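Here is the structure we will look at.
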Amino acid sequence: MNEKVQRVMDMIRENDIKMVDFKMVDINGQFRHVTIPAKDFSEEVMKNGIGFDASNYGYAVVEKSDMVFIPDPDSAVIDHFCEIPTVSMVGNAMIIDYPENRPLPQYPRNIVLAAEQYMKDSGVADEMYILPEFEFYLFDQVGWEVAPNSIGMSVDYAQAHWNSYNEGTGVVVPKQKNYHIAKPFDDSYEMRSEMCMLMEELGIGINYHHPEVGAAGQFEIEPKLGQMSKMADATMQIKYIIHNVARKYGKSATFMPKPVMGEAGNGMHVHMLLLKDGEPVFSDDNGYSHLSKEAHYFMGGLLKHIASLCAITNPSTNSFKRLVPGFEAPVTVGYATSNRSAVIRIPAYAKEPKLRRFELRNPDATCNPYLCYAAILMAGLDGIKNKIDPHANGWGPYDMNLFHLSDEEKAKLTQLPTSLDEALDALEKDYEYLTEGGVFPESLIKKFIATKREECRALAAIPHPAEFDRYYNL
């Protein structure tokens, strides 16, 4: 028996596991799953996989939609949120073919692996390491209704500033003043510590967790730098843990970019660096902010393609309610050191050569992480391939607060898209860098655009409560 399969069999036996769960990812980046009794798990299952209909997952497949899911034994973990002892695995989707199955090109996990291989084949680097920051809100109550006669939503967090009278203890947080606030105001500390402990148990290293700016229950968990494809898997696990632990404590977690009007939005800033033969590609003591020309070209690729990237890194209509001035969310296409108003920020605290990096600040966690990280890598590699210099293109460095410029100065700058439709327009015109090396299938890009266009059309047709406030009595 294969050594890796044997490890899973041992895990099942030693922990008296009753069920084996296979988690798959749809085009939107949401987990779906199929479960079998543990007694039926075998080497044949690992080899032949579990059948599923790929069309129901949102993928455009030229071939027949019947596919097989092949579990990755290295991903096997115990799922602590199942009352019945369960082992969970992620894996890859395969096209049924003879004599051997072949990877489904549209499946996100296959795309991120293809992007890594393209990077290796380019000779630029062997590994990409990333660090996504996970911002989210925790609510005590949430509800919404979209009906012909009633459209609305409500959220509540006991310590939010609007509960200063109802709370009765005076332990409420002023608007936009939640950043790093300590007990007794930080009432979800134990919950977040439990989240982090479960992540560590799964092998996901954690830097820290803390309250974020939004005083209506916003928090952040930051993992350690990790290899890109593994961090894509980890992103799915991190979101899964946060949602389920929150529910255990009677709260609801959301990564929605802008769930509360007037409070900070939820981003997923992505730090990144490249290594070749274990050595940093992005480090140069003589470069701006100690970054190499390759790092600058990589940033140039990101900035050149940023409008089309936004369709993948910010794929919800709500995403663009976060990307507005005044909330530390970026709106300007540019780069700088320690400047949170530019779309690319170089952290000044990353002083060691192997840690020198930059972060892309526009992404949010409504993205499919596999598509997001793969697209970021492909844009950066295009920048290196074509020597796209961000300074020569007028994208910085902007070592000033871009929110405080005059209107005349702001007019000279390039801005991020202001809507999902605008980002999709950019992606329709600019996607060749994604299809290099066959990494992103063109059919998937077109299916993605069509799916998101339909979302935009459907939401644009729904009256908004704020429209009643503005227009009802005209």
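The values are calculated or read from the model by the stated rules, or taken from the named source; none is laboratory data. Keep in mind that this is a model prediction, so the values were computed, not measured. Cβ: placed from backbone, ideal geometry, glycine included. Neighbour counts: every protein chain shown.
Every condition in (1) at pLDDT below 95; (2) exposed (fewer than 11 other Cβ atoms within 10 Å of the Cβ); (3) in contact with a helix residue (DSSP H, G or I) (Cβ under 9 Å, 6 or more places away or on another chain) is met by Gly170 except one, and the failing one is (3).
Is it the case that His243 is over 18 Å from Leu225 (Cβ atoms), at pLDDT 95 or above and either buried (at least 24 other Cβ atoms within 10 Å of the Cβ) or in contact with a Ser or Thr (Cβ under 8 Å, 6 or more places away or on another chain) (or both)?
Details: over 18 Å from Leu225 (Cβ atoms): yes; at pLDDT 95 or above: yes; either buried (at least 24 other Cβ atoms within 10 Å of the Cβ) or in contact with a Ser or Thr (Cβ under 8 Å, 6 or more places away or on another chain) (or both): no.
For His243, the condition - over 18 Å from Leu225 (Cβ atoms), at pLDDT 95 or above and either buried (at least 24 other Cβ atoms within 10 Å of the Cβ) or in contact with a Ser or Thr (Cβ under 8 Å, 6 or more places away or on another chain) (or both) - is not met.
Condition check for Pro353 on (1) surrounded by fewer than 17 Cβ atoms within 10 Å (Cβ to Cβ); (2) touching a strand residue (DSSP E or B) at 6+ places or on another chain (Cβ under 6 Å); (3) under 30 Å from Pro441 (Cα atoms); (4) of a type outside the set (Phe, Trp, Tyr): one failure, at (3).
The criterion of at least 2 residues that are within 30 Å of Ala115 (Cβ to Cβ) and out of contact with any Ser or Thr (no Cβ under 7 Å at 6 or more places or on another chain) is met, among helices (runs of 4 or more DSSP H) falling completely within the range 391-474, by 420-429, 432-435, 442-460.
Can we say Lys429 is on the phi > 0 side of the Ramachandran plot and at pLDDT 95 or above? Before the answer, list the steps.
Values: on the phi > 0 side of the Ramachandran plot: no; at pLDDT 95 or above: yes.
No.
Selection of first residues in the range 21-35 that are farther than 24 Å from Val8 by Cβ and of second residues that are buried (at least 20 other Cβ atoms within 10 Å of the Cβ) and at pLDDT below 90, restricted to Cβ pairs under 7 Å at least 6 apart or on distinct chains, gives the following pairs, ordered by first then second residue: Asp26/Tyr57; Ile27/Tyr57; Ile27/Tyr59. Taking (1) in a loop (DSSP other than H, G, I, E, B); (2) crowded, with 21+ Cβ neighbours inside 10 Å in turn, Ala379 satisfies each apart from (1).
If you check His290, His305 for being in the same structural domain as Glu409 (by TED's automatic domain parsing) and crowded, with 24+ Cβ neighbours inside 10 Å, only one passes: His305. Within the range 142-168, take every residue that is over 29 Å from the mean Cα position of the chain (by Cα) and either assigned to a loop (DSSP other than H, G, I, E, B) or not assigned by TED's automatic domain parsing to the domain that holds His243 (or both) and give me the one that is nearest to Gly326 (Cα to Cα). Looking at residues that are over 29 Å from the mean Cα position of the chain (by Cα) and either assigned to a loop (DSSP other than H, G, I, E, B) or not assigned by TED's automatic domain parsing to the domain that holds His243 (or both), I get Ser164. Out of curiosity, is Tyr373 in contact (Cβ under 8 Å) with a residue 40 or more places away in the chain and within 18 Å of Val333 (Cβ to Cβ)? For Tyr373, the condition - in contact (Cβ under 8 Å) with a residue 40 or more places away in the chain and within 18 Å of Val333 (Cβ to Cβ) - is not met. Phe139 meets all of the listed conditions (1) within 23 Å of Lys239 (Cα to Cα); (2) out of contact with any Lys or Arg (no Cβ under 8 Å at 6 or more places or on another chain) but one, namely (2).
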